[in-house]
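Here is the structure we will look at.
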Amino acid sequence: MVNLIKIIKTGKLSINQLLDICKETKDNDVLEMIVKVIDFNKLSQDQLIEVGNKVNGKWSCWQTIVEFFDLNKLSPNQLIELGNKTHNWRVWQAIVRTNKLSPDQLIEVGNKANDEDVWGSIYEIIFK
């Protein structure tokens with residue numbers, strides 16, 4: 001895997017090659033390196049989700065990926081759909097912070113995320 005990391009670091013692999021490696025590997029160091037070198041601006045939302053779900057155990061990777069979702073352009077229902085696809089607390093928290101969800105939707109998100117940071121963001125929205 002060390003050789004694969006060196007190859008990834010060169011930046012000479014295409015996005016499709018990096019995505020293929022991402023699909024096949026279970027090595028967290030390789031996944032983390034892919035997240036560092038990939039140009040997320042060139043990925044579709046589905047590709048971002050694919051990468052994020054693959055590296056789900058690494059919160060810092062999701063933190064990077066979530067920055068590339070254009071959440072403000074999505075409707076409340078699209079936001080919830082995105083959260084359902086990712087199943088990641090960092091994404092749910094970003095969705096809550098868009099301030100686009102109704103109180104009922106916020107509670108739905110809180111229950112799905114089942115995370116104290118997400119509930120903290122919901123609390124801030126509801127009681128600010």
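The values are calculated or read from the model by the stated rules, or taken from the named source; none is laboratory data. A quick note: this is a predicted structure, and the numbers were derived from the prediction, not measured. All Cβ positions, even for glycine, are placed from backbone atoms using ideal geometry, and neighbour counts span all protein chains on display. These accessible areas exclude ligands, DNA and RNA; they are computed on the full protein's heavy atoms, side chains included. Shrake-Rupley method; radii C 1.70, N 1.55, O 1.52, S 1.80 Å.
Worth pointing out:
- Selection from region 1-48 of residues that are part of a helix (DSSP H, G or I) and β-branched (Val, Ile, Thr): 2, 5, 7, 8, 15, 21, 30, 34, 35, 37
- Condition check for residue 51: over 23 Å from residue 30 (Cα atoms) and assigned to a helix (DSSP H, G or I): no
- Count - residues of region 43-53 that are open to solvent by 60 Å² or more (accessible area, probe 1.4 Å) and at pLDDT below 85: 2
- Identity of the residue in region 54-75, open to solvent by 50 Å² or more (accessible area, probe 1.4 Å) and hydrophobic (A, V, I, L, M, F, W, C), that ends up nearest to residue 31 (Cα to Cα): 59
- Put simply, of 36, 112 the only residue that is within 30 Å of residue 128 (Cα to Cα), in contact with a helix residue (DSSP H, G or I) (Cβ under 9 Å, 6 or more places away or on another chain) and not aromatic (Phe, Trp, Tyr) is 112.
- Residues that are within 17 Å of the chain's Cα centre (by Cα), more than 22 Å from residue 50 (Cβ to Cβ) and open to solvent by 50 Å² or more (accessible area, probe 1.4 Å) within region 76-128 comprise 97, 114, 117, listed in sequence order.
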